[in-house]
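Structure first, then comments.
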Amino acid sequence: MQRRANLVLLNTLSLSRLPMAVAFIAIPDTVVRAVLVMLAAFTDFLDGWIARHRGLATRIGALIDPVADRGFMVTAILVCYLDGLIALPEVLLLVVRDIGTAIGFIVARVVPGLRSVELKARLLGKVVTSLQLVALLCVLLFPPAVSPLVALIGVLSLASVVDYSRAVLHARVRGRESSQAHVHHGPTEGPTSSMPTARK
């Protein structure tokens, strides 16, 4: 019961970034929006830290967390674009990783051979998310730093999509090999097709 209550609180913490996205739309004040970006970054770090250190990482949490992240991030980027703070090419570079991972998620759920693979956050993806948050702060508070940051994010985003795709395919190959070993030699302790569940 205690674990279930903790999981509810943890997922609520993740989902709090969605109301923050609504507040980002509703409140045009630059300082308030900058605070919202920092709060989103803090809750992103906090729920991941709690999940790892208290053994609360779950498959549903690993889904809720990136959905909440992307919900806030994409909303904030589009609002800044509509307010004329960033140009369309910069928007595309900022969200290219999100588009790529969204397509990858859909493919992983549609293709039968990939359905058993658990989607796990990757280091490059974490770096891109952190830089996106920094870029948003710069858009609001220090525009001269936006262009070089966006260029860096674009490069790392493409690398992140490639890295993520390779990890999923590698997990599928390991799962196939493990299944064959299980059929021919009985149960083994080798790797499975599932990538370890993690929120971050």
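The values are calculated or read from the model by the stated rules, or taken from the named source; none is laboratory data. Just so it is clear, the structure is predicted and the values come from calculations on it, not from any experiment. Cβ atoms come from the backbone with ideal geometry, glycine included; neighbour counts cover every protein chain shown. Accessible surface is based on the protein model in full, side chains and every heavy atom, while ligands, DNA and RNA are left aside. Shrake-Rupley method; radii C 1.70, N 1.55, O 1.52, S 1.80 Å.
Roughly how many percent of the accessible protein surface of the range 23-83 is carbon and sulfur, given a 1.4 Å probe and a whole-percent answer? If you can, show how the numbers build up before the last one.
On the way: 2220 of 3030 Å².
Within the range 23-83, the accessible surface is 73 percent carbon and sulfur.
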Using alpha carbon centers only, the range 129-173 is separated from the range 28-85 by a whole-angstrom value of 15
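Express in nm, to one decimal, how much length is gained between Leu169 and Gln2 on full extension, taking 0.36 nm for each residue of separation and deducting their alpha carbon distance.
Residue separation times 0.36 nm, minus the Cα-Cα distance, leaves 56.5 nm.
If you rank Met20, Met38 by how much accessible surface each has, with a 1.4 Å probe, what is the order from largest down? Please report the intermediate quantities before stating the final value.
Values: Met20 25, Met38 100 Å².
Largest accessible area first, the residues go Met38, Met20.
Can you check what the net charge comes to around Thr75, using other residues whose Cβ is under 12 Å from the Cβ of Thr75 (Lys, Arg +1; Asp, Glu -1)? Before the final figure, lay out each step's value.
On the way: positive: Arg17, Arg33, Arg70; negative: Asp69, Asp98.
Once positives and negatives cancel, what remains is +1.
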